[in-house]
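The values are calculated or read from the model by the stated rules, or taken from the named source; none is laboratory data. This one's a predicted model, so the numbers in the text were calculated from it and none came from an experiment. Heads up, the Cβs are rebuilt from the backbone with ideal geometry, glycines too, and the neighbour counts pull from every protein chain shown.
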Amino acid sequence: MHISFQNHISLTTPALLALTLLQAIPILAASAGCGQPPSLINGVNSIAVNGRVRNYMLQLPKNYDPNHPHRVVFTFHPMGATMSDIASGSLVEEGVWAYFGLQRKATAATAKSTSTASPCSPGSSSCSKETTNNSTSTIFVAPQGLNNAWRNQVNEDIIFITHLLAALESSLCIDPTLHFATGFSFGGAMTYSIACSLDFRAVAVLSGGAISGCEGGTRPVSYLGVHGVRDRSLPITAGRAMRDRFVRNNGCEAGDALEPAAGSLTHIKTSYKGCAAGRQVVWIAFDGGHNPAPVDGSLERSGSSYVVDETWAFFEQFG
């Protein structure tokens, strides 16, 4: 370590120790909303985008800390459903499956966290934390699609999410390197479109298709794909093609992934090898149809689906 003694300034041993400790503290990226009270509320919020009012549901953690950068997870409803269905979990199991079941995982993870964060000044570009926190508190967002869908005509839904993310970061304390998204069916299509167009850390596409478009489509974004081999709404062939795009984008070794036989009522998980540093692609094929929450041994859906655990683990590993 090089230390300058210009102007006859003397650094004593305690000062050197303090400087060394300060340099050892990891740096957290922080949004402009850090260090100030939140100006958004839990529940329904609205934002004007290109002359149209767009709505979304927001859920802050109970222990929301305006001085600690949070991860943010966007959750996209399928066609015909609403943001309220995602926030409540009613598509699968009320409460248990809120925000695709990830809210209860985040709550449990945060309860186990023992790390502490130092305060952030308003508008600060970075904050420090004393220990690595793999259970960073999570902010959940459930946007509402136009006419309960995500057609993304002339990129209007991507523009919506871009404006929404900017509004969230100006009002809340968010780590701009920890943006995540997941969705089912049409919501999975929108999640895929986000991976193509925006700089998100990772996405989880559940039984999606490329029906919301893919502008750009060359950026590396860590990708979890889940699809049923008997899906007749959005066939698994579409899911494979979407997966393969991000196998290429992330520099992973190409190759076919094993899939369960029809009638086996099981699932097979494949983690691709050789991906670029900090990037991953995981593929889960299950014996079933168009199902957001499959379980082994059944064709039913359940709030205790392994997809919840797999999605949470996939996101949480990145911070």
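Values computed for the structure shown
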| item | result |
| --- | --- |
| Where Leu11 falls short, out of the listed (1) part of a strand (DSSP E or B); (2) modelled with pLDDT under 95; (3) surrounded by fewer than 17 Cβ atoms within 10 Å (Cβ to Cβ); (4) of a type outside the set (Ser, Thr, Tyr) | (1) |
| Every residue from region 282-319 that is of a type in the set (S, T, N, Q) and part of a helix (DSSP H, G or I) | Thr311 |
| Check on Arg240, surrounded by fewer than 21 Cβ atoms within 10 Å (Cβ to Cβ) and within 27 Å of Ser298 (Cβ to Cβ) | yes |
| Of the criteria (1) under 21 Å from Phe180 (Cβ atoms); (2) modelled with pLDDT of 95 or more; (3) of a type in the set (S, T, N, Q); (4) over 19 Å from the mean Cα position of the chain (by Cα), which one Ser46 fails | (1) |
| Strands (runs of 3 or more DSSP E) fully within region 38-98 counting 3 or more residues that are of a type in the set (A, V, I, L, M, F, W, C) and out of contact with any Pro (no Cβ under 9 Å at 6 or more places or on another chain) | 43-49 |
| Subset of region 40-58 (residues that are farther than 20 Å from Asn152 by Cα and in contact (Cβ under 8 Å) with a residue 40 or more places away in the chain) | Leu40, Leu58 |
| So Thr266, is it of a type in the set (Ser, Thr, Tyr) and buried (at least 17 other Cβ atoms within 10 Å of the Cβ) | no |
| Region 254-274, residues that are touching a strand residue (DSSP E or B) at 6+ places or on another chain (Cβ under 6 Å) and part of a loop (DSSP other than H, G, I, E, B) | Ala257, Leu258, Glu259, Pro260, Tyr272 |
| Residue in region 17-35 that is farther than 17 Å from His179 by Cβ and at pLDDT 95 or above present | yes |
| Selection within region 62-79 - surrounded by fewer than 21 Cβ atoms within 10 Å (Cβ to Cβ) and in contact with a helix residue (DSSP H, G or I) (Cβ under 6 Å, 6 or more places away or on another chain) | Met79 |
| Some residue of region 224-235 being touching a helix residue (DSSP H, G or I) at 6+ places or on another chain (Cβ under 8 Å) and without any contact (Cβ under 8 Å) to a residue 12 or more places away in the chain | no |
